[in-house]
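The values are calculated or read from the model by the stated rules, or taken from the named source; none is laboratory data. Here the structure is a predicted model, which means the values were calculated and not measured. Positions of Cβ are generated from backbone atoms using ideal geometry, with glycine treated the same way; all protein chains shown enter the neighbour counts. Only protein heavy atoms, including side chains, enter the accessible area calculation; ligands, DNA and RNA are left aside. Shrake-Rupley method; radii C 1.70, N 1.55, O 1.52, S 1.80 Å.
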Amino acid sequence: QVQLVESGGGLVQPGGSLKLSCAASGSFFSNYKMGWYRQAPGQPRELVATIGSGGTTNYADSVKGRFTISRDNAKNMVYLQMNSLKPEDTALYYCNAWVPPADHWGQGTQVTVSS
């Protein structure tokens, strides 16, 4: 069983920054592919960024150059540094762990970008 707990969301002005954190349980965290997804009201959940066990990263086009995903295997943590935030980044952000054969999700942390 993998449990994920997100933190770090909040209200920020356009152009501001936030750093999301995700704490994961499990003895084999370093083997997990981790990711961040988001869901805005009335919209489907979408990929934001992923990071593989070897550190390979992948980003949605909409966040490239602004967001950075990273992981600390010693602490069982994954992070999402978000810079130059835009109102369209407003969403509930979810941490994801792919542990075959199942996806695991946290409860989400709200990010609101507004002046």
Extending each Cα 7 Å along its Cβ direction at Ser25 and Gln1, get the distance between those two points in nm, one decimal. 0.5
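In the P(r) worked out for the chain, what percent of Cα pairs fall beyond 23 Å?
Working: 1456 of 6555 pairs.
I get 22 percent for the Cα pairs in the chain exceeding 23 Å.
Between Lys75 and Leu11, what FRET efficiency follows from the Cβ-Cβ distance if R0 is 22 Å, with the result rounded to 0.05? Could you put the intermediate results ahead of the total?
Numbers: r = 27 Å, r/R0 = 1.22.
For R0 = 22 Å, the calculated efficiency reads 0.25.
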Expressed in nm to one decimal, what extension gain is obtained for the pair Ala40 and Thr68 from 0.36 nm per residue of sequence separation less their Cα-Cα distance? 8.1 nm
Can you figure out the FRET efficiency of Thr56 with Ser115, using R₀ = 41 Å and their beta-carbon distance, to the nearest 0.05? 0.70
Output the peptides 21-29, 59-67 sorted from most to least packed, where packing is the average of other Cβ atoms within 10 Å over each peptide's residues. 21-29, 59-67
Considering amide H positions built from the backbone, and no H for Pro or chain starts, which residues 5 or more places from Tyr32, or on another chain, come under 5 Å of its amide H? none
Leaving out ligands and nucleic acids, and using a 1.4 Å probe, what accessible area per residue does the chain come to in Å²? 52
Applying a 10 Å radius around every beta-carbon, put 5-16, 70-81 in order of their mean neighbour count, most first. 70-81, 5-16
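In the chain, how many lysine pairs have Cα atoms under 17 Å apart, counting only pairs 8 or more places apart or on different chains? Each step should come with its number before you reach the end.
On the way: Lys19/Lys64; Lys19/Lys75; Lys19/Lys86; Lys33/Lys75; Lys64/Lys86.
Final tally of qualifying lysine pairs is 5.
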